[in-house]
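As structure tokens, the structure follows; a few thoughts come after it.
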Amino acid sequence: MKLEEQLNDIKKMITTTKQLLVDHPSDEMLLYMLAQDEELYALSIAKAYSRIMPSFDNAEDVIKAIYSEKHSSAVDPFHIADFLGIKIKKDFHLSEGIGKCDFYEDQIIITYKPSNHFRDKFTIAHELGHVFLHFSKGLSLEFTDYESVVDEPIIANNTSYKPVISAARLSAQTDDFEKEQEANNFAGELLVPRFILDKILNKLPSGKAINASLLKDLFQVSRPVIRISLVDYGLLNSGKVLDDINIQNRGW
């Protein structure tokens with residue numbers, strides 16, 4: 001049985017069980033069946049994912065695997081996606097700065113609305129965070145299944161793929177806020193890697209510091225991204241990095 005057929009069968013069982021629970025909300029057997037079916041669905045997604053994508057635990061592992069441990073310059077999330085066979089497509093109907101990641105039977109496609117270079121890099125890095133942190137751990141049930149609202153399949157490599165599940169950047173008001181934060185953190189660590197930053201700082205003469213704005217240019221990221229990363233790493237105004245970023249201007 002193909003993955004898509006298997007997933008559809010499991011989703012039908014989940015839907016049927018949920019309908020029965022409407023009239024019998026405390027039925028322990030139904031609750032047990034629902035939990036088992038949802039776990040099976042998540043495991044099926046994780047199994048399919050493992051066939052097409054290597055497993056990484058963090059952004060540093062991704063960089064070292066795709067570039068090298070000696071890499072010491074800016075990281076390009078578009079290059080990472082291309083290297084791993086993840087397709088990227090533009091959709092001008094999306095809200096500005098929004099991206100989504102669709103998982104198909106044998107293809108992952110990231111879709112985004114172009115904004116500017118810095119913001120686009122962060123959007124793609126954020127979606128890669130969903131790919132590595134969430135799809136790979138079988139958490140696909142947490143994402144939006146939008147199969148029913150897609151009129152036509154997406155075409156990639158001259159092959160038609162019917163959407164199975166979708167992960168989208170959601171607002172802070174949703175239950176998925178924690179996973180959105182995880183994807184944001186991953187994006188920051190991918191674009192401003194701590195191990196590369198340490199290499200730069202360790203080369204500074206004793207008693208010397210580097211401006212945050214120069215690091216922004218070296219890593220080719222926005223003002224908010226470099227500043228938040230430096231704060232998270234505890235390096236801003238630490239004696240090695242001077243805060244000369246204009247925090248009044250929050251633009252990308």
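Pairing each residue of the stretch 215-230 that is farther than 13 Å from ARG194 by Cβ with any residue that is of a type in the set (A, V, I, L, M, F, W, C) and surrounded by fewer than 18 Cβ atoms within 10 Å (Cβ to Cβ), provided the two are 6+ apart or on different chains, yields C-beta distances under 6 Å for GLN220/ALA74; SER222/TRP252. Within the option set LEU197, LEU215, LEU236, being buried (at least 18 other Cβ atoms within 10 Å of the Cβ) and either basic (Lys, Arg) or touching a Leu at 6+ places or on another chain (Cβ under 7 Å) (or both) holds for one residue only, LEU236.
The set of residues from the stretch 229-245 being within 17 Å of ARG119 (Cβ to Cβ) and at pLDDT below 90 comprises just one member, ILE245. Once the stretch 190-218 is narrowed to residues that are in a helix (DSSP H, G or I) and of a type in the set (Lys, Arg), the residue that is modelled with the lowest pLDDT is LYS199.
Being over 24 Å from LYS100 (Cα atoms), hydrophobic (A, V, I, L, M, F, W, C) and either modelled with pLDDT under 55 or surrounded by 12 or more Cβ atoms within 10 Å (Cβ to Cβ) (or both): is that true of ILE155 here? When the stated conditions are applied, ILE155 does not pass them.
The values are calculated or read from the model by the stated rules, or taken from the named source; none is laboratory data. Small disclaimer: the values here were computed from a predicted structure and weren't measured. Backbone-built Cβ (ideal geometry, glycine too); neighbour counts: all protein chains shown.
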